[in-house]
Each structure stands twice: as structure tokens, then as C-alpha cells.
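Chemist: Here you go, one structure.
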Amino acid sequence: MNIETFFNNDTEKRFYFPGRIFIGSGVSDKAVELISKHDSVAIVVDCVFADSKLLDEIKEKFANKKCHIWVIEGAPFAQDVMSFIDQIGNLPEVVVSIGGGSAADFAKSIILYALFGSLEGVGVGPKLGLSRRADSIRPLYIAIPTTAGSGAESSRYYVTYDKITHAKVYGKTWEIVADWIFLDPLFLASMSSAALVGCAFDAFIHLFETLIAKHETSIFGEMFSLNGIPKIMNAIHSAVNEKQRNDFVHEQLLYGASLAGVAISNIRTGSIHEAAGALLELTTLSHAETLFVFFRTAIEQYLAEISSLEESLIAQLRLLPAFSNFRTLQDVMSWWEFIFHQVSLDVKITEAVSKVEPTLASAREHIFNRVYSDKVWVGKESPRILTEKDVWHLVDHSLHRFGITKIN
């Protein structure tokens, strides 16, 4: 049996995760100990942490050994991955990511190229179940997330972008899940409330879409979603509404994000992600912000079909004092909208949506095509079969919510 090509169905389910996760204040010190046992390392670090104590400690350990560093700012580009691979030369024993999803996807792409000789489409379409090159050697991958959103460190998905066309260069394989994941809440202490909310919302959508998948969902996925979503929302309630920023709050967010990465790897995402990914290519918004554009309309399309899951989620949320008055998913959606308003992300999104490139009309068509081309979701895994009319409604109604009332 090939774990890469087995998908959950109505009669057979699987759960798989090849990594190790450690969480707690200061666990990143253990990462340094682990890394220093090797003789060569390639580090992809977010620009925010380019001068961090952690990176300095690693460089000190490798003062007389091979240490290559790539500082990433913004999205991961496929051309930059190849430039760094050329710079490294011989493959290192260890690849390390220090940062959010961009740093993780960049690091995973290094490993991907070492194993498959390609960055494009591994694990999807004609490359589904693609075997490793016969002579390939897999480096150890150690991930130190500094955000709590994408869960990229624990996910088998990778996404980079073409530097010229901005098209996605993506795929999936269990080979790129981090071997060691160190979730240290200290790294979230300096994040702004807006950034924290965006990251949390990303993880929330991951867990929500895996919860509602019609056939690929499983008892494992439900367990992750029904446990992770309340933790994420309660942590954001503490951070934003009660102004409590501490290790416990940050640990809950890190935990939820990594859970979400595992969940989407075992199940899948849906139309919210497809629409958001298409919009992301046309704006300056973050992934989480583009998810927010489509989440209400998408969820409202499914409400009649997911009533039992709605009851289960609301029951878990009502165990927490902050959500004891919740009755339906409408309360959940309104709560997220209130949180986005609290940190002014709704204003930012409204301004950016009106400036999509090259035109709103082409953006509308681009988003529709991306969602409707995912035939597995619209025709199989969506809680209800989505027609062309449904997808156009998702696009137009979502844009309308952010002030776009007429598209030429």
C-alpha cells in the first residue's frame, strides 16, 4: 500500500503523521542541541528573526562546519529555492526553517528537489505517487515555527510561487513533513494582535474545512477539529478581548496550527481555500485575509447539510465561558467578523479587494475558474454538490460583502 495515494473514503479511513512535535517555553533550545550534532546545515529564516539569538546560537555551533543561510522576506519563490540549492552545492545533513509558512515551504521545497528533482506538481495529477529518485538522500528537517497559522511544518503540502507569473508551484508528499517540530511560545510574544488573529483564522479554516469534507473526513479529523477550533478561538478571545498575551495563550495557538497542518494532510481543504488562493495571487493581502473574504458565503452555502457537525462544534464551544451563549455557526461567523474588526483587518481587506490586478472582471473569472476546476471538491467532497451558479454566487457575494457591487 502506498500512503501517498491512499485517500479516505466512506468505508476506509487512515491517519498518518511521520513527525514529532514538542511544545513549551524554551523548547527551541532543544532544537539547537539536535541541529548541532550534525556537520552541515541549510537554514531558511524569516527576515524578522535574521538577527535573533536563536540563529546566532546555531551559527556559533557551526563556526567550523558547513552552514548556509537564506533569509526570506515575503512569499517563497521557486526561483529563489533553486538559487539557494545552487548556492549550497552538496546537500546538507539538516534543513532548518525558522519562521512561518513561507520559511517552512521554502525549506520543504529544498528537500522536495533533493528527493524528486522537481518543484512542480509532485504528488498531484500525473505525478501522483511519484517515486523518489533512486540515488536520493533525504536530509533531516527541523522546523521552528514563529507564527501559528498555516501549520506548514506539520503538513505534507507545499506552495511556492513563480517569481515572474506569480502562479503557484505546489504539490504534496509525506516526505516533506518536518521530522522534528519545536513549538516555542516565546516567538509569538512580539507578534501584533492583527498578525496573531490572521494566523489563528488560517488554522481555524483548515480545521473547519477538514471537518466538513463529505467522504474524506474521519473520526481522527473530527477529533482534531472539535478540539482545535475551541482552543484557537478561546486563545484569540484572551489575546484580543481580554488583552492577555502569555505563554499559555500562545501555546494554544501553536498547538491548534500544528493540529490543522496534520488535519489537512489527512483530509483536504475546500472552496474557501481555492477561492482565497486565487485572490491571493492578485492582491497584497495575506493568505488569512483572503480566506476571510470567502468564509461567510461558503459556510452559509453548506449550513443545511452540516447541521450535525454544527451541533457538535457548538457543543464544544459552549463548554468555554466566552462562548457559552453560542447557538449556531452564525454566532461563530459573527464572532470572527467582530475580531477582525477589533484589529482593523476588515478595513485593510476592503481597501485591498478594490485594487485587485489587473481588473476586477478578470479577478472574478480567475477565482471562479480556480474553485470550479477543483472537481473533487465541487462534485464529491463538498457537503453539497456545487453548481456553476453556486460558485459564481460564492465569488460575487463574497466580493459584494467587501464593497464590490459592480464588476465591468
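Chemist: Count charges around Ile3 for me, please; just the other residues with Cβ under 12 Å from its Cβ, Lys/Arg as +1, Asp/Glu as -1.
Modeler: That sum, taken over residues with Cβ under 12 Å, equals +1.
Chemist: Between Asn369 and Asn227, what length in nm is gained on full extension when 0.36 nm per residue of separation is reduced by their alpha carbon distance?
Modeler: Once the chain is fully extended between Asn369 and Asn227, it gains 47.7 nm.
Chemist: Using the Karplus curve 6.51 cos²θ - 1.76 cosθ + 1.60 with θ = phi - 60°, work out ³J(HN,Hα) for each residue of region 174-188 in order, rounded to whole Hz, and write x for Gly and Pro.
Modeler: Result, ordered by residue: 5, 5, 9, 5, 4, 6, 10, 10, 10, 9, 10, x, 4, 6, 8 Hz.
Chemist: Note down the magnitude of the dipole of the chain about its Cα centre, charges +1 on Lys and Arg C-beta and -1 on Asp and Glu C-beta and zero elsewhere, to the nearest 20 debye.
Modeler: About 320 debye.
Chemist: Here is a further query. I need the P(r) histogram for region 192-401: all alpha carbon pairs, bin width 10 Å from 0 out to the longest distance, whole percents.
Modeler: Distribution as computed: 9, 36, 38, 16, 1 percent.
Chemist: Based on DSSP H assignment, which helices of the chain show an axial Cα extent of at least 27 Å together with a mean Kyte-Doolittle hydropathy greater than or equal to 0.5?
Modeler: Flagged H segments are 193-212, 247-266.
Chemist: How big is Rg to Rh over the chain, alpha-carbon atoms, Rh as the Kirkwood inverse-mean-distance radius?
Modeler: Reported Rg/Rh (Cα atoms, Kirkwood Rh): 0.95.
Chemist: Under a cut-off of 12 Å between alpha-carbon atoms, report the aspartates and glutamates in cross-link reach of Lys231, not counting same-chain residues fewer than 8 places apart.
Modeler: Straight-line reach from Lys231, under 12 Å: Glu251.
Chemist: Same structure again: Taking the Cα centre of region 282-408 as the origin, how large is its charge dipole in debye, to the nearest 20, when only Lys and Arg (+1) and Asp and Glu (-1) carry charge on their Cβ atoms?
Modeler: 100 debye
Chemist: While we're looking at this one, here's another question. Of all the Cα-Cα pairs you can form in region 20-187, what percent are over 30 Å apart?
Modeler: Percent of Cα pairs beyond 30 Å in region 20-187: 11.
Chemist: Please identify which residues in region 355-387 have an amide N closer than 16 Å to a label point set 7 Å out from the Cα of Met333, following the Cα→Cβ vector.
Modeler: Flagged as within label range: 383-384.
Chemist: So what is the relative contact order of the chain, in percent, for Cα pairs below 8 Å that sit 6 or more residues apart?
Modeler: 16 percent
Chemist: Among residues other than Thr165 whose Cβ falls under 14 Å from its Cβ, what is the net charge (Lys/Arg +1, Asp/Glu -1)?
Modeler: After counting each charged neighbour, the total is -2.
Chemist: Expressed in nm to one decimal, what extension gain is obtained for the pair Glu33 and His341 from 0.36 nm per residue of sequence separation less their Cα-Cα distance?
Modeler: Between Glu33 and His341, full extension yields 106.7 nm more.
Chemist: Which of the residue pairs Lys127/Lys168; Lys13/Lys380; Lys13/Lys214; Lys37/Lys61; Lys108/Lys348 have a Cα-Cα distance greater than 19 Å in the structure shown?
Modeler: Lys108/Lys348
Values in this text are rule-based calculations from the coordinates and carry no lab data. Please read these numbers as outputs of a predicted model, since none were measured by experiment. In this analysis, Cβ positions are derived from the backbone assuming ideal geometry, glycine residues included, and neighbour counts consider all displayed protein chains.
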